[in-house]
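S.K.: Structure in structure tokens, see below.
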Amino acid sequence: METHRRSSINSVRSHKPARPIALEDDSTKASDALPLPLYLTNAVFFTLFFSAVYFLLCRWREKIRSSTPLHVVTFSEIVAILASVASFIYLLGFFGIDFVQSLVLRPSADVWATEDDEVESEVLLRNEDARHVPCGQALDRSIRSLQPPAPIVTAEKVFDEMPVTVMTEEDEEIIRSVVCGMTPSYSLESKLGDCKRAAAIRREALQRITGKSLSGLPLDGFDYESILGQCCEMPVGYVQIPVGIAGPLLLNGREYSVPMATTEGCLVASTNRGCKAIHLSGGATSVLLRDGMTRAPVVRFGTAKRAADLKLYLEDPENFETLACVFNRSSRFARLQSIKCAIAGKNLYLRFSCFTGDAMGMNMVSKGVQNVLDFLQTDFPDMDVIGISGNFCSDKKPAAVNWIEGRGKSVVCEAIINGDVVTKVLKTSVESLVELNMLKNLTGSAMAGALGGFNAHASNIVTAVYIATGQDPAQNVESSHCITMMEAVNGGKDLHVSVTMPSIEVIDCVARVFTIEIIRHSKNIIQLMPRYMTL
């Protein structure tokens, strides 16, 4: 640790001046020797150059007309030629003085020295560490000093844009080994035993291989140990995403603050407006209709009849209890709910659905399915298991089976928005919203042949909440299946809004935050009715 610290200090010391250079020492400029200010001198030479050239062109044109030899020149023409040449030389130096002095007064190499200066080195290192802004669960949450050190006024170069990367000789050897292909990049963590060091070495090797700089990608301030073998392989840094808070959302009598990670402008603002409208109207109510994760393996037989025999066996209620016991051995929480089959020739697709508790349950269901397939192999030895997933589940792909049968949490949520809240908060009317929902969300989506997309972009909110809460953003594909319904109630004074989302795939219970899609109607107003929009 001490050796690494000293090497860091020596590396920084080699890039800084040995002593502060007084600011007044650099106040003298070569342009101070001019009788006129620099901008006036430039103007004079500009005028002199173009005037001389114009005079010579006019004189030469007269000589051509009068058949006078061009080499016969008068005194005025000689002066004009000298003036044009002198002014051209000045202008060629890019306004002369300031350009030349940048070359003449360039600092010499002996300005930089190697004297010891521990204090300034420590300041540079602290500034380098403070540049990295923490973000995410794995970030360093240590309390930093509230009062930064006083700045040192010197003429030295600031290294804020690209932090100095300190590599030992051992690290250099490893980097060269990775670049040459002798050491696999994925094995650095296991060989070094230091996840952050492995990420730094992998990052440097990648820069040398590609010739591209990763200076804009943060490296420090993240706990790489926490993601080892869990979240991300072969890390070289992390990405910062701003997180906004919408709410409070009043749902089932409780208030929720909804975190949203997004770079889309107005998304959090419009969601927050919807939360306000719901809160002022007494809140929203949600109901969990179904809760079951699915996995559908594909198996193949020699004939279609044998595939049909297995289908009839699996769908027989008398065999379900036996299959459920075999399936449930995979987990304390997994409980098989149903098995539905579909045949395509001699191929059979088995769609298992099971309750998974508070977990999303993908691995849980897959293990249970494997237990059942091993059990069935005894009575159906000619069954060839092609894949544990045959896309009849269907996972991370738009599919009608999820829209109809549901996958994960199937939810319906509703709220009644008071008419005065619609007018004052949403800046529109109940009649306009009902008409807009019918023509856009329902009719327009039907005209487009939408699959589960009868809403005003439910995926925006779902994805933002997924990223902020650590869900799998790819599950947004089926989780944003949503149909939004609006109806005028109480004699047309108030607005009844409901959303039905049949396949929300999340970790933890449905009451978490995803019934907030009822807020989406406010975003709908902002996007399609600008005459009522006031953010």
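S.K.: When the chain is fully extended, how far beyond the present Cα-Cα distance does residue 269 get from residue 76, taking 0.36 nm per residue of separation?
M.R.: Additional length available on full extension: 62.1 nm.
S.K.: Could you pull out every residue, at least 5 positions away or on a different chain, whose amide H is within less than 5 Å of the one on residue 250? Hs are placed 1.01 Å off N in the peptide plane, and Pro or chain starts have none.
M.R.: 256, 279, 284
S.K.: So with the 1.4 Å probe, I'd like the accessible area per residue for the stretch 297-392, rounded to whole Å².
M.R.: Accessible area per residue: 50 Å².
S.K.: Note the direction-averaged projected area, equal to a quarter of the hull surface, for the Cα convex hull of the stretch 169-227, in nm².
M.R.: Mean shadow area of the hull around the Cα atoms is 4.2 nm².
S.K.: Sticking with this one: In vacuo Debye scattering of the stretch 297-392, one point per C-alpha: log10 I(q)/I(0) at q = 0.13, 0.16, 0.24 Å⁻¹?
M.R.: Scattering profile of the stretch 297-392, log10 relative to I(0): -0.40, -0.61, -1.32.
S.K.: Work out, in µm²/s and without decimals, the Stokes-Einstein translational diffusion coefficient of the stretch 251-300 at 37 °C, 0.692 mPa s, Rh from Kirkwood over C-alpha pairs.
M.R.: 229 µm²/s
S.K.: Which pairs break 26 Å Cα to Cα here: 305/409; 346/397; 191/367; 340/367; 276/440; 196/396?
M.R.: Correct reply: 305/409; 191/367; 196/396.
S.K.: Same structure again: Ignoring everything but the protein chains, give the 1.4 Å probe accessible area of residue 53 in square angstrom, nearest 10.
M.R.: Residue 53 exposes around 50 Å² with every protein chain in place.
S.K.: Just to verify a number: what accessible area does residue 459 come out at with the full protein assembly present, 1.4 Å probe, Å² rounded to tens?
M.R.: 40 Å²
S.K.: A further question follows. If you roll a 1.4 Å probe over the heavy atoms of the protein chains, what accessible area per residue do you get for the stretch 169-227, in Å²?
M.R.: 55 Å²
S.K.: For 312, 91, 495, what's the largest-to-smallest order of accessible area, 1.4 Å probe?
M.R.: The most accessible residue leads, giving 312, 91, 495.
S.K.: Moving on. Explain nothing, just the number: dipole magnitude of the stretch 297-392 about its Cα centre with +1 on each Lys and Arg Cβ and -1 on each Asp and Glu Cβ, in debye rounded to the nearest 20.
M.R.: Its charge dipole is roughly 260 debye.
S.K.: Return the FRET efficiency for the residue pair residue 212, residue 172: r is the Cβ-Cβ distance, R0 is 25 Å, and the value is rounded to the nearest 0.05.
M.R.: So the FRET efficiency works out to roughly 0.80.
S.K.: Then there is this: With Cβ to Cβ distances under 14 Å as the rule, what net charge do the other residues near residue 329 carry (K, R +1; D, E -1)?
M.R.: My count for the surroundings of residue 329 gives +1.
S.K.: Taking θ as phi - 60°, what are the ³J(HN,Hα) couplings along the stretch 350-361 by the Karplus curve (6.51, -1.76, 1.60), each to the nearest whole Hz, with x for Gly and Pro?
M.R.: Once rounded to whole Hz, the list reads 10, 9, 8, 10, 9, 7, 10, x, 8, 8, 5, x.
S.K.: Let me ask something else. May I ask you to rank 403, 60 by accessible area, largest first, using a 1.4 Å probe over the protein chains only?
M.R.: From most accessible down to least: 60, 403.
S.K.: What whole-number distance in Å separates the alpha-carbon centres of the stretch 271-313 and the stretch 48-74?
M.R.: Taking the Cα centre of the stretch 48-74 as reference, the centre of the stretch 271-313 is 91 Å away.
S.K.: Leaving out ligands, DNA and RNA but keeping every protein chain, what accessible area does residue 405 have, in Å² rounded to the nearest 10, with a 1.4 Å probe?
M.R.: 70 Å²
S.K.: Okay, moving on. Mind ranking 481, 496, 279, 457 by accessible surface for me, highest first, 1.4 Å probe?
M.R.: Accessible-area ranking of 481, 496, 279, 457, largest first: 457, 279, 496, 481.
S.K.: Over the stretch 212-274, how many percent of alpha carbon pairs lie in each 5 Å bin up to the one with the longest distance?
M.R.: Distribution as computed: 4, 14, 16, 13, 13, 13, 13, 9, 3, 1, 0 percent.
S.K.: Can you pull the one-decimal nm distance between simple spin-label points at residue 420 and residue 391, each 7 Å off the Cα toward Cβ?
M.R.: The modelled label-to-label distance comes out at 5.6 nm.
The values are calculated or read from the model by the stated rules, or taken from the named source; none is laboratory data. What you are looking at is a predicted structure, and each value in this text was computed from that prediction instead of being measured. Virtual Cβ from ideal backbone geometry, glycine too; neighbours counted across all protein chains shown. Accessible surface areas use protein heavy atoms only, side chains included; no ligands, DNA or RNA. Shrake-Rupley method; radii C 1.70, N 1.55, O 1.52, S 1.80 Å.
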